[in-house]
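Accompanying notes for the structure given below.
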Amino acid sequence: FAVAYAEDALGGILLRTSEDARVFCSELMRECTAELAYVLYLDHSMALSGTQKLSKGNDNHVEFDIKAIATRAIKGSTPNVVLAHNHPNGVAMPTSRDVATTRRIAMALRNVGVELLDHIVVAEGDGYSMRTAGLLPDIWM
């Protein structure tokens with residue numbers, strides 16, 4: 001019941017820009033002390049239709065399950081996703097592994113008609129947008 005209520009409460013939150021996503025993710029993971037991976041699902045109007053905690057990692061790595069992301073996006077008819085994870089003991093700067101993972105996920109999702117809009121890295125209440133930074137110009141043209 002609580003999960004259904006929380007999902008309903010999300011309807012109406014618009015994440016139209018990377019800044020909107022960065023602020024939302026910073027709040028979502030503000031108190032997290034372990035590295036966590038989240039996915040935000042957005043409809044055609046960029047309204048948040050749901051969030052999904054994918055995994056809990058160790059001190060320096062967290063996994064993103066591409067199959068789980070694609071399955072939920074397709075079943076929920078949500079054509080857009082934003083990835084988010086945190087660096088609880090670091091800075092909000094993506095590692096080379098984060099960049100490679102983002103590229104791999106973006107290409108896989110694009111093959112099933114789902115667009116990866118951004119990947120936000122959060123640390124100490126701050127967030128870093130890979131899209132805004134232009135880190136992956138080949139996937140965000």
re segment 68-129: pairs of Cα atoms spaced beyond 17 Å account for a percent value of 42
The computed P(r) of the chain puts the percent of Cα pairs beyond 28 Å at 9
Taking 0.36 nm per residue of separation between Val91 and Lys56 and subtracting their Cα-Cα distance, the length gained on full extension comes to 10.8 nm
The chain - accessible surface per residue (Å², probe 1.4 Å): 52
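The values are calculated or read from the model by the stated rules, or taken from the named source; none is laboratory data. These numbers were taken from a predicted model, which means no experiment stands behind them. With ligands, DNA and RNA removed, areas are computed over all heavy atoms of the protein, side chains included. Shrake-Rupley method; radii C 1.70, N 1.55, O 1.52, S 1.80 Å.
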